[in-house]
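Here is the structure we will look at, set down as structure tokens.
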Amino acid sequence: MPAEEFVAGWISGALGLVLGHPFDTVKVRLQTQTTYQGIIDCMVKTYRHESLLGFFKGMSFPIVSIAVVNSVLFGVYSNALLALTATSHQERRAQPPSYTHVFIAGCTGGFLQAYCLAPFDLIKVRLQNQTEPRAQPGSPPPRYRGPVHCAASIFQAEGPRGLFRGAWALTLRDTPTLGIYFVTYEWLCHQSTPDGQNPSSATVLVAGGFAGITSWVTATPLDVIKSRMQMAGLEQRAYRGLLDCVVSSVRQEGLGVFFRGLTINSARAFPVNAVTFLSYEYLLHSWG
Ligand SMILES: C[N+](C)(C)CCCC[C@H](N)C(=O)O
């Protein structure tokens, strides 16, 4: 099983993440704090009070998790294509796989990465939703002191299964949408590249960026449900299951609930995935 795809997936995921983290910080702040009037206002205030570093708070934990997750996604995707079409990464430009194969391989990668992602994502969401300001002397400490403490508390209270809360919704979110991700990427590359040639860097950037946007747009409805199920362990509101969560969210907030965070998710998705695909292609190419 070729291993370089796993390593390339790991490095490219980390590079994409660094670029996307400022967007993620703005997204989380807008979702959880009421002091900002909008995206620009939040950026300006963050920069004024905390300088550029403010945008990169809390990045160490996601950088470890994205390394694992992206390496599983790209490694499994590429090896699934190898199993389906008997072509290696290098041979695929000359003999492009069918979109059905790309879709199946993308879904397989998406399905497996969802299981690796589930505990990391749960911890991220729980920490991102801790909106108390930093501990003041005398005030009660926040429920979770950091990622390790968060993981340990969930484990203690609910056992290993507790760490997989919302994993089912996450799998449903990621399996088809990562199929769509790779199909969009391959299709866009194919549209602007002469047969048999490697796509140019500009093509890879644009195709990767749009692949990210398409995938996030289609994933957003289940993204909202997933986050709500992950928070359900903490909040009073308990859902009987995924369907119950969908129905009660729509009843209370209307269909618009499925599009929460769509704009900022898409703005983040373009640079993150442009850089992820560019570095992935570049690394595999330079390793020959
Ligand atoms: C499938 N879904 C859209 C949910 C995720 C796609 C992940 C791609 C990339 N790691 C990123 O963070 O944008």
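The values are calculated or read from the model by the stated rules, or taken from the named source; none is laboratory data. Values in this document were obtained by computation on a predicted structure and should not be read as measured data. Cβ atoms come from the backbone with ideal geometry, glycine included; neighbour counts cover every protein chain shown. The protein model used for the area step is the full one, side chains on, heavy atoms only, and it has no ligands, DNA or RNA in it. Shrake-Rupley method; radii C 1.70, N 1.55, O 1.52, S 1.80 Å.
Comparing 65, 87, 176 along the charge dipole axis of the chain, the residue lying farthest to the positive side is 65, per the Cβ-charge model. With θ taken as phi - 60° and the Karplus curve 6.51 cos²θ - 1.76 cosθ + 1.60 applied, the whole-hertz 3J(HN,Hα) list for the stretch 105-114 is 5, x, 5, 4, x, x, 4, 6, 5, 4 Hz, x standing for glycine and proline. Annotation: amide H of residue 57 has no partner in the under-5 Å range at sequence separation 5 or more or interchain, hydrogens built in the peptide plane. Fraction of C-alpha pairs exceeding 29 angstrom in the chain: 37 percent, rounded to a whole number. Once backbone amide H atoms are built at 1.01 Å from N, residue 145 has 150 as its partners under 5 Å, excluding neighbours fewer than 5 places away on the same chain. The long axis of helix 167-191 is offset from the longest Cα principal axis of the chain by roughly 40 degrees. So for the chain, taking the charge dipole from beta-carbon charges (+1 Lys/Arg, -1 Asp/Glu), which of 30, 97, 110 sits furthest toward the positive end? In the chain, that residue is 30. Distance between the 7 Å Cα→Cβ label points at residue 164 and residue 99: 3.4 nm.
Be a star and scan the stretch 40-63 for residues whose amide nitrogen sits under 14 Å from the point 7 Å along the Cα-to-Cβ vector of residue 263. Zone members listed by number: 40-43. With the helix formula -39500 (n - 2.57) applied to DSSP H stretches of n ≥ 4, the chain reaches a computed 222 nm mean residue ellipticity of -24500 deg cm²/dmol. Sequence-ordered 3J(HN,Hα) estimates for the stretch 79-85 from the Karplus curve with 6.51, -1.76 and 1.60 and θ = phi - 60° stand at 6, 5, 5, 4, 5, 7, 10 Hz, glycine and proline given as x. The long axis of helix 242-253 is offset from the longest Cα principal axis of the chain by roughly 60 degrees. Per residue, the accessible area of the stretch 225-288 comes to 53 Å², computed with a 1.4 Å probe over protein heavy atoms only.
Work out, step by step, the length gained on full extension between residue 48 and residue 115: first 0.36 nm times the residue separation, then minus their alpha carbon distance; give nm to one decimal.
Working: separation 67, 0.36 × 67 = 24.12 nm, distance 3.90 nm.
Gain in length upon complete extension: 20.2 nm.
Sequence-ordered 3J(HN,Hα) estimates for the stretch 49-55 from the Karplus curve with 6.51, -1.76 and 1.60 and θ = phi - 60° stand at 7, 10, 6, 4, 4, x, 6 Hz, glycine and proline given as x. Once you reduce the stretch 29-89 and the stretch 144-185 to the center of their Cα atoms, the two points are 15 Å from each other.
Residue 149 contributes about 50 Å² of solvent-accessible surface, heavy atoms of the protein only, 1.4 Å probe.
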